[in-house]
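Report on the structure given below.
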Amino acid sequence: MLEQLLAGLEPSERAAIDDEELQILKDVEAEMPVFAAERSQLLPILQHIQGRHGYLPKLALQMVADYLGVTIGKVYGIATFYNQFKFNPPGRNPIKVCLGTACHVKGGEIILENFERRLEITEGQTSPDREYSLERVACIGCCALAPAVVVGDKVEAYVTPSKVEGIITEIEVRKAMAAREQERNEAANG
Ligand code: FES
């Protein structure tokens, strides 16, 4: 199924699929037969792919459509109806900006705009290097800390535009240190 789909792609579309995505597609192909090939399994299959891989690659949606014998439009219709589904891979540093009422009132939109400008992506997107993904979320349950943002697993409180800069700088510094550490280890090993 996957081979056929890949063979039918334009060269530029094929080239846009990186190793990570290809592996996900292979996994999806291997895992799908666990589910019965019935329309009632559409939602469970999408939930499985989302849960296991963090998003629904475009070709995976086509594979699901082929497997269940439904149109791609039907699959998209379901996938876009539920906001639990994402269509871009999560970044290594997922950033979730709370836009619940308390955070909205305290300037959550401005914080979101600051992240968008700084990362050069818009809400719902992942940076091309997959380092960052950005999304808006509803109340995360810490309204007293508004405006709040979740970076990875950590809640950042009372976020201001300058704190946005600080958050990104901290991630970049951590990344640079990890890269240096790896270089040192590689040099030490040989
Ligand atoms: S509204 Fe943002 S934490 Fe509740």
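Here are the numbers for this structure:
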read-out	value
Rounded if a/c under 1.5, otherwise prolate or oblate - the stretch 68-150, Cα gyration tensor axes	oblate
22 Å tail of the calculated P(r), the stretch 2-81, as % of Cα pairs	19 percent
Between 0 and 90°, nearest 10: helix 42-53 axis offset from the chain longest Cα axis	50 degrees
Highest-first arrangement of 166-179, 43-56, 74-87, where packing means the average Cβ count within 10 Å	43-56, 74-87, 166-179
Across the chain: Cys residues that no other cysteine approaches within a C-beta distance under 4.7 Å	Cys139, Cys142, Cys143
Lysine pair count for the chain [Cα-Cα under 24 Å; pairs on different chains or 8 or more apart]	18
Rel. contact order, % - alpha carbon contacts under 8 angstrom, at least six apart, the stretch 93-189	31 percent
Nonlocal amide H pairs with Glu131, under 5 Å, H built at 1.01 Å	Arg92
Extension gain from Phe87 to Lys175, taking 0.36 nm per residue of separation minus the Cα-Cα distance	29.1 nm
Only Lys, Arg (+1) and Asp, Glu (-1) charged, at Cβ; the chain dipole about Cα centre in debye	620 debye
Cα gyration tensor shape for the chain, rounded if a/c is under 1.5, else prolate or oblate	oblate
FRET efficiency estimate (nearest 0.05) - Cβ-Cβ, Val155 to Ala37, R0 41 angstrom	0.45
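Bear in mind that the values in this text are calculations on the coordinates, not laboratory data. The shown structure was predicted, so the numbers you read here are calculated from the model rather than taken from an experiment. Counting neighbours? That spans all protein chains shown, and the Cβs are built from the backbone with ideal geometry, glycine included.
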